[in-house]
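Below is one structure; the comments refer to it alone.
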Amino acid sequence: MLFVIPVIVYHGRRKGWRLQWSQSDVAMPSELRAELEAFLPRLQVVFDDLMTCSEEELLARPLPAMAILCLLCLRFLRKASNAFVEAAIARWTPLFERALTEPGGQELVAAVSSYLLHVTNLPAEKVVELFQKTVREHDPEFIMSTASRLRAEGRKEGRVEGRVEGRVEVLRTLLEARFGLLPDDVSRRLAAASLEQLDRFARRVVAASSLEAVFAD
């Protein structure tokens, strides 16, 4: 017998978000729905809002260590301060140690370390240092290979960030030459833009008659 339990794990920025979904949300023509209604599965979605959970509540869940680690990382580490991340990893060291004894544990710990590199502001060498402290009692070959990969990812991430920062400054210069001193909201939008968005804005600068035209969606 096959059991299907749909689960949504939410870890967005807005606290208290609530799932609003029903079978009627399935898109299909009304005449087809009338024919197929009896065959559509009736599923109750389990909605897990991590943003309403404390660290203690997540730690108390009866789950494998690797699952708890994933939930903790999703809940707390994105955009957290460096000091918070370092303290959290130190607190979670017993979880890392337990996860390494579970099937696929090494791959999970390596993935968590990569996640740290991409969603926090920690430099690559600090991520490597935290990783090495966490798994220092385990397979030296695994430690060395993962540390090397993290350093390589950090170099790549640094190159991308450098390109973004360079384009932001060039675009800022062009915009100020056309439209004068930029408002704070425009500066924030530039700082948050991706490479693709910056390229799109830059192509509009020449012909745009206003800042609004440059940033129009």
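Observations on the model:
- For region 74-79, 3J(HN,Hα) per residue [Karplus equation, 6.51 cos²θ - 1.76 cosθ + 1.60, θ = phi - 60°, Hz, x = Gly/Pro]: 4, 6, 10, 8, 5, 6
- Solution diffusion estimate, µm²/s, Stokes-Einstein, region 170-214, Kirkwood Rh from C-alpha pairs, 20 °C, viscosity 1.002 mPa s: 204 µm²/s
- Amide H to amide H distances under 5 Å link Glu102 with no residue, where only residues 5 or more positions off or on other chains count and H is placed in the peptide plane.
- Residue-wise HN-Hα couplings along region 2-9, as the Karplus relation 6.51 cos²θ - 1.76 cosθ + 1.60 with θ = phi - 60° gives them from phi, are 9, 10, 10, 10, x, 10, 10, 9 Hz; Gly and Pro carry x.
- Under 5 Å, built H, 5+ apart or other chain: amide partners of Asp49: Tyr10
- The stretch between Val206 and Ala90 holds 36.7 nm of extra length on full extension. This uses 0.36 nm per residue minus the Cα-Cα distance.
- Packing-based order for 119-131, 203-215, using average beta carbon neighbours within 10 Å, highest first: 119-131, 203-215
- If only the Cβ of Lys and Arg carry +1 and only the Cβ of Asp and Glu carry -1, the dipole of region 170-214 around its Cα centre is close to 100 debye.
Where a number appears in this text, it was derived from the coordinates with a stated rule and is not lab data. Predicted model only: the values in this text are computed from it and were never measured. Every residue, glycine as well, gets a Cβ built from its backbone with ideal geometry; the counts of neighbours run over all protein chains shown.
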